[in-house]
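Below is one structure, written out as structure tokens; comments come after it.
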Amino acid sequence: MTEFPQSTARADALGELLPPLTQNEAVVEAARCLMCYDAPCTHACPTHIDIPKFIKKISTNNLRGSARAILEANLLGATCARVCPVQELCEGACVLGAEHKPIAIGRLQRHAMDFAYGKGIDLFQPGKATGKKVAVIGAGPAGLSCAGELAKRGHSLTLFEKRDLGGGLSTYGIIGLREPVEVAMAEVKMIERLGVKVETGKEFGANLSLTDLNADFAAVFLGVGLGATPALGIPGEDHIIDGLEYIEQSKVDADNLVVGDNVVVVGAGNTAIDCATIAKRLGASRVTMVYRRTEHEMTAYPHEYDFIKREGVNFSFLTQPIRVHSENGTVKSLECVRMSLGATDASGRPSPQPVAGSEFFLAADQIVKAIGQQKPSLAAQLKLKTEKGFIQVSANFETSLPGIYAGGDCIRARGAASTVMAVEDGKLAARAIHERLVAHG
Amino acid sequence: MKGWWRMADLSINFAGIRSPNPFWLASAPPSNSGMQVHRAFEAGWGGAVWKTIGAPVLNVSNRYGAWHYGGQKMLAINNVELISDRPLETNLREIADVKRAWLDRAVIVSAMVESKPEVWHDIIRRIQDTGADGIELNYGCPHGMSERGMGSAVGQVPEYCEQITRWVMEVAKIPVIVKLTPNISDIVMPARAAVAAGANAVSLINTLNSIIGVDLDTFEITPNIGGKGGHGGYAGPAVKPIALNMLAALGRDSVVGGSKMPISGMGGISTWRDAAEFLLLGAGSLQVCTAVMHYGFRIVEDLCDGLSNWMDEKGFAKISDVVGGSLNRVSDFNNFDLSFRAVARIDQQKCIRCNLCYVACNDTAHQCIDLIARDGSVVQPQSYDIQANGREEAVNSRPSVHVREADCVGCRLCFNVCPVEDCIQMIEEPSGRPPVTWGQLSESQREVTEDWEKMKKYREKMGIEIH
């Protein structure tokens, strides 16, 4: 396993953006919380953390109790404290938001989580052994949450992960600015201390098959996430860098990440913003985000868009790449065409149409694409029923194959994919799996 | 509002002691030295009651404990500091210096000595020699001095108060204020003693006996003096309601109030709003300590400015127009109208849906607030689908809170817990019953007040329904 943390000038440039709250800051902020009853922040949180409860505990300096209140609802509370789009969730629903400033719920949660991890406090023990074995595929947020919840209930868990490190996108796909690798690693270790056996380098379909699993395990949970960035389908595409790989290297090997001077990022989602942030912070003199629709249709959260504008990144909206120009293997420019918005398409957004004769060149020495992820290939492999290409599951998170459950980004046919939704899927699937195992004696 | 340009006159003449505004530093650490009082006067304080001088003492550390709550520092302070530990001569010299430099300000000297007539005579004469404007007799200090038969040991026994005050009045040529301790079951008694002894004024309240807290790591008392701690004098914003009640009790007493003896009010005055309340309940001058210890002498600026603006707005030309203005509103339960009815009403436009009124009413009061969903149905808390989440969902599906006015007893708990200004109002609703007080009922239908069956019939007759 790669050793962390690494501390270099480049890694530091992508270090966690927000400093931790001091004890006093946390207590003062916690005291501001009104302690709403049946609080809207709790309702808005996909994992329904009892937020007034954990905040009150911070205000009384019961940090251990606070951490437990968080983790009872969300085992990946440390990751979620950092990566959750709180403006869209808890903080967005805070009753103080309308006329004042909402409570800094995310940062308070981080305060309680930092306390627990900093002190090495384990708040849960493995449950009394049931002798039931469950396999979880994918050590991302959904898989970790599901495995941890089942281990708390005494089941014997094996977590298979194809990568070297657990944590999924928390480890590889979210820039260090928002979540350092160590935070995700600490959560993986906490899940391991609950008795979950983590086997890395195990890829479903390559060196792991359903037949193997069916022989050994009473139930299987798939938390496999999504695939690679899809192709743009334009000439010269082999010169374009995959945004997810760009982010990954910035986290695990920032010193050797090649960053251009004039970087074009194709896409306008949260991952594209992360790529642009990396390029800007690691020395690019100009970064341009290219998107075929306008800022009104972009999928990045409004607060992320605000952030990247302040980072000094340029935007070229209504722009579609059509060709990469390179000389001797070196990128020179991205040829694009202007778009105009037409009728509403299947995604509910106006469909962009090329404007004839509007081709132009964007000078670039590095092009990164972050235009979403491919649908999970596992669905076809296992002949699972799908919905819009995502794995279809029942209300109990069970796939079309009995005993095979799924959660996280791979089932997210509706709504925005997010870490916290994945954690909740894992938690609810674990409840269903537990009930199945108990019912089947 | 009469002419906004007219500035109220804040000056006072308190028992013959004049000061340009009613705000005096209370006898306490802020008035410990000439240098401090000079600076306080530069900041605008109308007067200062010099930190008590008298018997020799030695102090300890730590001296001050504080009570913090909800992120707010120092809602109250307590102390085991004694009277001035600086030599008597030094204090007297500095008092004379300050008075010479500040002719328009009130310099009052607090004194506390052994309970012997000759000792009191001596200290009073020496204070008068400084040119000070008045003397305050410290019968209130609850720690250290009381164990030596001084301070609250005097204040708690009206006869001692009266005796010592008489000794003082035998030689006093300047106004004498008797400072009362609140550590007594009836504040009126020592005040009557002061009247009987011929004192010129009283002041209240001194500090309350208190233990501020226990250290949860060491199990020691806070503040900790070499591993020990004990009761100390409690003061600050938290004691204000106690002070207001005692102030009003004096004003309403036929002997004390009837004597028209001026009262200097203190106990938790932090803002001009507190000051105005003390004035309305009969204080003729105002003393401040804890708020100064928290924020420094500068606070006098807003004390004066805010009070002056409020007086202008309300049409008060001078302080004496305000003094005692609310005393006629203070009464007893026996005189309250049992037919008066108020119900809570929630302004749905202002409501932020924190549901604090709901839980307070539902758990601890009279269960008359409902959660109403968008479709008008009454819903229970936490009744949303666990798979529902997100800002829009949480905000848009949140029920609103409504008072069932027919069931509201008008307890006012919801009004008190509501974090939004003017969101919940207590609305006067005619009960339809003729006014009657408990006192009147006890006289006219005594049996109703003594027998539950008769009470039941009375309620039925009057249409008083208890939910």
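Some observations on this one:
- Boolean, A:L21 is closer than 27 Å to A:I174 by Cα, touching a His at 6+ places or on another chain (Cβ under 8 Å) and away from every other protein chain (no Cβ under 12 Å): yes
- All positions within the stretch B:352-379 that are part of a loop (DSSP other than H, G, I, E, B) and facing chain A (nearest Cβ under 9 Å): B:I352, B:R353, B:C354, B:N355
- Yes/no for B:G71 being more than 20 Å from the chain's Cα centre (by Cα) and within 14 Å of chain A (Cβ to nearest Cβ): yes
- Checking A:T47 against (1) over 30 Å from A:G201 (Cα atoms); (2) assigned to a loop (DSSP other than H, G, I, E, B); (3) within 11 Å of chain B (Cβ to nearest Cβ), the condition it does not meet: (1)
- Scanning the stretch A:58-69 finds no residues that are at the interface with chain B (Cβ under 8 Å from one of its Cβ atoms), surrounded by fewer than 24 Cβ atoms within 10 Å (Cβ to Cβ) and charged (D, E, K, R).
- Residues in the stretch A:352-384 that are among the small types (G, A, S), over 27 Å from the mean Cα position of the chain (by Cα) and within 25 Å of A:I273 (Cα to Cα): A:A363, A:A364.
- Answer residue from the stretch B:418-457, given it is of a type in the set (V, I, T) and part of a loop (DSSP other than H, G, I, E, B) and is surrounded by the most Cβ atoms within 10 Å (Cβ to Cβ) among those: B:V420
- The stretch A:35-57 - residue that is of a type outside the set (A, V, I, L, M) and farther than 17 Å from B:I386 by Cβ and, of those, surrounded by the most Cβ atoms within 10 Å (Cβ to Cβ): A:F54
- Sole exception among (1) part of a helix (DSSP H, G or I); (2) away from chain B (no Cβ under 14 Å) for A:E16, by number: (1)
- Any chance B:I205 is closer than 24 Å to B:V168 by Cα and β-branched (V, I, T): yes
- Some residue of the stretch B:400-417 being out of contact with any helix residue (DSSP H, G or I) (no Cβ under 8 Å at 6 or more places or on another chain), within 14 Å of chain A (Cβ to nearest Cβ), under 26 Å from A:P40 (Cβ atoms) and buried (at least 16 other Cβ atoms within 10 Å of the Cβ): no
- Annotation: of all residues in the stretch A:396-441 being free of Cβ contacts under 8 Å to residues at least 60 places away in the same chain, within 22 Å of the chain's Cα centre (by Cα) and assigned to a helix (DSSP H, G or I), the one that is farthest from A:I191 (Cα to Cα) is A:I411.
- Any hit, the stretch A:130-138, residues being away from every other protein chain (no Cβ under 14 Å), in contact with a helix residue (DSSP H, G or I) (Cβ under 9 Å, 6 or more places away or on another chain) and at positive phi: yes
- Restricting the first member to the stretch B:329-358 and to residues that are free of Cβ contacts under 8 Å to residues at least 60 places away in the same chain, and the second to residues that are crowded, with 19+ Cβ neighbours inside 10 Å and of a type in the set (S, T, Y), the beta-carbon pairs closer than 7 Å and six or more apart or on different chains are B:N355/A:Y37; B:Y358/A:Y37.
- Among the residues of the stretch B:305-331, the ones that are farther than 20 Å from B:G251 by Cα and either surrounded by 14 or more Cβ atoms within 10 Å (Cβ to Cβ) or not charged (D, E, K, R) (or both) come to 11 in all.
- Selection of first residues in the stretch B:205-221 that are small (G, A, S) and of second residues that are surrounded by 14 or more Cβ atoms within 10 Å (Cβ to Cβ) and assigned to a loop (DSSP other than H, G, I, E, B), restricted to Cβ pairs under 7 Å at least 6 apart or on distinct chains, gives the following pairs, ordered by first then second residue: B:S210/B:H231.
- Taking the stretch A:112-212 as the region of interest, the strands (runs of 3 or more DSSP E) fully inside it that hold 3 or more residues being touching a Phe, Trp or Tyr at 6+ places or on another chain (Cβ under 7 Å) and not charged (D, E, K, R) are A:133-137.
- Scope the stretch B:59-88; condition in contact with a strand residue (DSSP E or B) (Cβ under 8 Å, 6 or more places away or on another chain), buried (at least 17 other Cβ atoms within 10 Å of the Cβ), hydrophobic (A, V, I, L, M, F, W, C) and part of a loop (DSSP other than H, G, I, E, B); matching residues: B:V80, B:I83
- Flag if A:V252 is closer than 16 Å to A:L14 by Cα and either surrounded by 22 or more Cβ atoms within 10 Å (Cβ to Cβ) or not aromatic (F, W, Y) (or both): yes
- Taking first residues from the stretch B:62-88 that are over 12 Å from B:P29 (Cα atoms) and partners that are of a type in the set (K, R), the Cβ contacts under 8 Å between residues at least 6 apart in sequence or on separate chains come to B:A66/B:K73; B:G71/A:R32; B:L88/B:R126.
- Single match in A:V28, A:V95 (criterion: more than 23 Å from the chain's Cα centre (by Cα), surrounded by fewer than 18 Cβ atoms within 10 Å (Cβ to Cβ) and at the interface with chain B (Cβ under 10 Å from one of its Cβ atoms)): A:V28
- The number of residues in the stretch B:380-402 that are among the polar types (S, T, N, Q), in a loop (DSSP other than H, G, I, E, B) and either under 43 Å from the mean Cα position of the chain (by Cα) or not assigned by TED's automatic domain parsing to the domain that holds B:C418 (or both) comes to 2.
- In the stretch A:71-81, the residue that is surrounded by the fewest Cβ atoms within 10 Å (Cβ to Cβ) out of those that are touching a Ser or Thr at 6+ places or on another chain (Cβ under 9 Å) and either in a helix (DSSP H, G or I) or modelled with pLDDT under 95 (or both) is A:A73.
- Among residues of the stretch B:257-273, those that are touching a helix residue (DSSP H, G or I) at 6+ places or on another chain (Cβ under 8 Å) and either in a strand (DSSP E or B) or under 23 Å from B:R18 (Cβ atoms) (or both), counted: 7
- Test: B:S397 is surrounded by fewer than 14 Cβ atoms within 10 Å (Cβ to Cβ), at negative phi and within 14 Å of chain A (Cβ to nearest Cβ): no
- Answer from B:I123, B:I174 - the residue that is under 26 Å from B:L286 (Cβ atoms), assigned to a helix (DSSP H, G or I) and more than 23 Å from the chain's Cα centre (by Cα): B:I123
- Of the criteria (1) closer than 30 Å to A:A129 by Cβ; (2) buried (at least 21 other Cβ atoms within 10 Å of the Cβ), which one A:Q366 fails: (1)
- Evaluated against (1) aromatic (F, W, Y); (2) within 14 Å of chain A (Cβ to nearest Cβ); (3) in contact (Cβ under 8 Å) with a residue 24 or more places away in the chain, B:Y384 falls short on exactly one condition, (3).
The values are calculated or read from the model by the stated rules, or taken from the named source; none is laboratory data. If you're wondering where the values come from, they're calculated on a predicted model, not measured in any experiment. Quick reminder, even Gly has a Cβ in these numbers, built from the backbone with ideal geometry, and neighbours come from all protein chains shown.
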